[in-house]
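The values are calculated or read from the model by the stated rules, or taken from the named source; none is laboratory data. A quick note: this is a predicted structure, and the numbers were derived from the prediction, not measured. Please note: Cβ atoms are built from the backbone with ideal geometry, for glycine as well, and neighbour counts cover all protein chains shown.
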Amino acid sequence: MHKDHERYCRACEYPGPINLVAAERHLHKYLRALGIKRHIMRLPMGWRLEDHPDLERHIAQILEKAFPQRAARDAMDAMDAMAARAARAAMAARDARDAMAARAAMAARDAMDARAAMDARDARALHRFACWCLQFEGWSWYWRWELSWVVTTHFGAKTDAVKAWSKPLFEAFVSGAWFLYWTDTTLYWVSKPTVHVERLPQSRRLHNDSGPALESDVENLYFVHGVMVPAFVVVRPDWITAKHIQQETNVEVRRVMIEKMTPEKYLSESGAKPIHSDDFGTLYRTEVPGDEPLTMVKVVNSTPEPSGVFKDYWLRVPPDMKTARAAVAWTFSMEENEYDPLIQT
């Protein structure tokens, strides 16, 4: 095993220790080894495209050559290639893979923003497109390098020439550099993000219920149980409306929105109608575009609250339920004809 392997594995637990001075010092050594002259500039949190004319010109050149159809195809190709490289890099590089997954998930969304940036030259859309070019390899395949996989070259370097550039690049990664972005005159670099995940028995996935799952100096990304969602779904779930859900084209995002809004509130706002009522409750169903119907049974707690009010409860049930009694029976893992309580509690 290479003597630096353990350091590499620790460096792949993002963000880890970040030494900005050391990272830039090693990047200077890296450029000298390549015999390339560039200004070295870190993109800090809150950066603005207009403050970096060289980067702004570079993004504009990409945009002028871009077509939305090509962008979508390239984004998918890049995601496949990225996944393959991540698998080869190191099984221990878990946060590095999570960060890659976050960038891959945003590709399709940000590819669509390219049309807005091209058509309107809107500053905000242009900045979003620049964020995609920086973080993802769709249209920037030759200009940006994600370091968690590139620096593994250091482990297999055989010649002095490769050792000369791979060692300082490895040290820059260990010092906190996440990825590089090249323009004609500047080498931009971004420090490692903070990654939030939920751990499952055999895996883990990006997740944060209260903020971004990937906190990056370029752009924060929001995930709920591995599904990328708009920021407001996490930070302002009270803003979610039935219209948001019905207009969302991604099935998984719709499901997260319903979960955050609460199924009972979505039933109410979507105009769901009762389809059956009996002594056991009332069964409601509403359509969810591109997905199975949302079906819930409303039951009344037989025990009053301290105020004397009998509280309603909503229970989600399979969409094939036909009667309220069958729906309530299903929640007890029983058939409809088996469910006949003598005493309700």
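Selection of first residues in region 234-253 that are over 18 Å from Asp209 (Cβ atoms) and of second residues that are among the hydroxyl-bearing types (Ser, Thr, Tyr) and part of a loop (DSSP other than H, G, I, E, B), restricted to Cβ pairs under 8 Å at least 6 apart or on distinct chains, gives the following pairs, ordered by first then second residue: Ala242/Ser270; Ile245/Ser270; Gln246/Ser270. Of the residues making up region 205-252, those that are part of a strand (DSSP E or B) and more than 22 Å from Val190 (Cα to Cα) are Arg205, Val224, Val227, Val229.
Determine whether region 279-299 contains at least one residue that is touching a residue at least 12 places away in the same chain (Cβ under 8 Å) and touching an Asp or Glu at 6+ places or on another chain (Cβ under 6 Å). Yes, there is a match, as at least one residue in region 279-299 is touching a residue at least 12 places away in the same chain (Cβ under 8 Å) and touching an Asp or Glu at 6+ places or on another chain (Cβ under 6 Å).
Out of Lys158, Lys167, one residue alone is in the same structural domain as Pro53 (by TED's automatic domain parsing), over 23 Å from Trp47 (Cα atoms), modelled with pLDDT of 95 or more and of a type in the set (Lys, Arg). It is Lys167. Of the residues making up region 292-309, those that are among the hydrophobic types (A, V, I, L, M, F, W, C), surrounded by 11 or more Cβ atoms within 10 Å (Cβ to Cβ) and at pLDDT below 85 number 1.
The residues on offer are Gln246, Gln202, and the sole one that is polar (S, T, N, Q), surrounded by 15 or more Cβ atoms within 10 Å (Cβ to Cβ), over 10 Å from the mean Cα position of the chain (by Cα) and farther than 28 Å from Tyr181 by Cα is Gln246. Considering only region 15-30, I want to know if a residue exists there that is β-branched (Val, Ile, Thr) and more than 22 Å from Val162 (Cβ to Cβ). Yes: region 15-30 contains one or more residues that are β-branched (Val, Ile, Thr) and more than 22 Å from Val162 (Cβ to Cβ). Restricting Lys322, Lys298 to residues that are charged (D, E, K, R) and in a loop (DSSP other than H, G, I, E, B) narrows the list to Lys322. The criterion of being of a type in the set (D, E, K, R), more than 29 Å from Glu146 (Cβ to Cβ), buried (at least 17 other Cβ atoms within 10 Å of the Cβ) and over 16 Å from the mean Cα position of the chain (by Cα) does not hold for Arg255. Exactly one residue among Pro289, Pro318 is closer than 30 Å to Val234 by Cα, within 37 Å of the chain's Cα centre (by Cα) and modelled with pLDDT of 85 or more, and that residue is Pro318. Regarding Leu283, is this residue in contact with a His (Cβ under 6 Å, 6 or more places away or on another chain), on the phi < 0 side of the Ramachandran plot and not in a loop (DSSP other than H, G, I, E, B)? So Leu283 passes the test. Does Arg205 satisfy the condition of being touching a Gly at 6+ places or on another chain (Cβ under 7 Å), not assigned by TED's automatic domain parsing to the domain that holds Val288 and not small (Gly, Ala, Ser)? When the stated conditions are applied, Arg205 passes them. Considering only residues in region 8-45 that are β-branched (Val, Ile, Thr) and surrounded by fewer than 15 Cβ atoms within 10 Å (Cβ to Cβ), the one that is nearest to Thr153 (Cα to Cα) turns out to be Ile36. Quick one: is Pro306 touching a Pro at 6+ places or on another chain (Cβ under 6 Å) and farther than 27 Å from Asn220 by Cα? The answer is no for Pro306. Inclusion of Tyr188 among residues that are outside the structural domain of Ala33 (by TED's automatic domain parsing) and buried (at least 22 other Cβ atoms within 10 Å of the Cβ) is not warranted.
Does Phe223 qualify as being touching a residue at least 24 places away in the same chain (Cβ under 8 Å) and out of contact with any strand residue (DSSP E or B) (no Cβ under 9 Å at 6 or more places or on another chain)? For Phe223, the condition - touching a residue at least 24 places away in the same chain (Cβ under 8 Å) and out of contact with any strand residue (DSSP E or B) (no Cβ under 9 Å at 6 or more places or on another chain) - is not met.
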